[in-house]
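This report concerns only the one structure given below.
The values are calculated or read from the model by the stated rules, or taken from the named source; none is laboratory data. Bear in mind that the values here come from a model prediction, so they are computed numbers and not experimental data. Counting neighbours? That spans all protein chains shown, and the Cβs are built from the backbone with ideal geometry, glycine included.
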Amino acid sequence: MFQGKSSQEPPVQETALAPGDTLSVSPDTPAIVEPVTFENVPLNEIVDEIAAYYHVKAIFKSDDIRQLRFHYEWNPEAGLPAAIDGLNHFQRVDIEQTGNQLIVKRS
């Protein structure tokens, strides 16, 4: 009795990605996005990463606020308003969204 694969099954083809290659995901396939933990990270790095993810631009109203360091847990799936609200809980930070810009200033 033959116990191999059925001739009706398509062959499985394995492909390795080379550096610089991209992998596209079908729009029907939900992407799983893990929360990101920023540990003692300057505010400008946190906001720049969040802004890039949501395709908005970060505008810092003063240079000194850029270097403030925070511990922040960001869940990208929660959306930009939730990220702004979470960052605004820090006493020295005031972030507001104006169109496609995040305006960052001291509170």
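Things worth noting here:
To keep it simple, each residue is scored yes or no on (1) surrounded by 13 or more Cβ atoms within 10 Å (Cβ to Cβ); (2) of a type in the set (S, T, N, Q).
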site	(1), (2)
F60	yes, no
Q67	no, yes
F70	yes, no
D85	no, no
N88	yes, yes
T98	no, yes
V104	yes, no
S107	no, yes
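- Filter result (surrounded by fewer than 14 Cβ atoms within 10 Å (Cβ to Cβ) and in contact with a strand residue (DSSP E or B) (Cβ under 9 Å, 6 or more places away or on another chain)) within region 32-44: P35, T37, E39, N40
- Every condition in (1) in contact with a helix residue (DSSP H, G or I) (Cβ under 9 Å, 6 or more places away or on another chain); (2) surrounded by fewer than 14 Cβ atoms within 10 Å (Cβ to Cβ); (3) at pLDDT 95 or above; (4) of a type outside the set (F, W, Y) holds for D94 except the one numbered (2).
- In region 41-60, the residues that are touching a residue at least 40 places away in the same chain (Cβ under 8 Å) reach residues that are outside any strand (DSSP E or B) and of a type in the set (A, V, I, L, M) with C-beta atoms within less than 6 angstrom, at least six apart or across chains, in these pairs: L43/L68; I50/A83; A58/V47; A58/A51.
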